[in-house]
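In what follows, a single structure is set out as structure tokens and then discussed.
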Amino acid sequence: MKRAIYPGSFDPVTLGHLNIIKRAAAMFDELIVCVSVNSSKSAGLFTPEERVELLRRAVRDIPGLERGRVEVDSSPGLLVDYAKAHGAKAAVKGLRAVSDFEQEVQMAVINRKLNPRLETMFLASSDKYTYLSSTVVKEMARYGADLGEFVPREIVDAVNQRMRELEGTEGKEG
Ligand code: PNS
């Protein structure tokens, strides 16, 4: 059985991520979407547990992404350790633009040094989503833009609500 991991911050999952999930799931027997820690990013909008929950909601009703074929999990540690523990042969990454390339290749090379059995595979982002990132989504939500074109519809309300809560808290400070 061929199992792959799709790691990322997913704060929150976007339609670009979902596109990669569908395409990667079609290439492997099982795909684990793994909410992982990017130490260069700050705390974020959602906790890792919440991101897992939102991802599960986003994939739940999509044909081909049933549980068993696509699992959602989280890991506080190194991708290579998680891959080893779960018998994954490949890590899948989405590449949007040249700007992603340098950092992604660096991570791929380091991960291969740490675990030569884990291959990193890059999927070119769909042209529909090359502009899209979780950061852009958060910016849109902050200004009340319609998120329907950017994140799975199952999670639109959760993103808007969390942003409103956060802004309420920020407003009370100082
Ligand atoms: O969505 P992101 O933030 O671009 O994803 C980056 C992520 C989380 C996949 C990357 O930071 C990662 O693999 N983190 C897990 C810890 C790890 O293995 N770090 C070493 C990478 S060289």
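The values are calculated or read from the model by the stated rules, or taken from the named source; none is laboratory data. Since the structure is predicted, the reported quantities are computational estimates derived from the model, not experimental observations. Glycine also receives a Cβ, built like all others from the backbone with ideal geometry; neighbour counts cover every protein chain displayed. These accessible areas exclude ligands, DNA and RNA; they are computed on the full protein's heavy atoms, side chains included. Shrake-Rupley method; radii C 1.70, N 1.55, O 1.52, S 1.80 Å.
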For the chain, what % of the accessible area comes from carbon and sulfur atoms, probe 1.4 Å? 52 percent
Rounded to the nearest 20 debye, dipole of the stretch 1-155 from Cβ charges on Lys, Arg, Asp, Glu: 380 debye
Just name one of SER39, SER74, ALA88: the one whose Cα is farthest towards the positive end of the charge dipole of the stretch 1-93 (beta-carbon charges, Lys/Arg +1, Asp/Glu -1). ALA88
What accessible area per residue, rounded to a whole number of Å², is obtained for the chain using a probe radius of 1.4 Å? 57 Å²
Given the pairs LYS84/LYS128; LYS41/LYS93; LYS2/LYS93, which are separated by over 23 angstrom at their Cα positions? LYS84/LYS128
Taking the Cβ-Cβ separation of ASP29 and ASP157 as r and a Förster radius of 25 Å, what is the calculated FRET efficiency to the nearest 0.05? 0.15
Where only alpha carbons of the stretch 55-174 are counted, the Rg and the Dmax (Å): 17.6, 51
Calculate for the chain the 222 nm mean residue ellipticity that helices alone would give, adding -39,500 (n - 2.57) per DSSP H run of length 4 or more and normalising by residue count, nearest 500 deg cm²/dmol. -13000 deg cm²/dmol
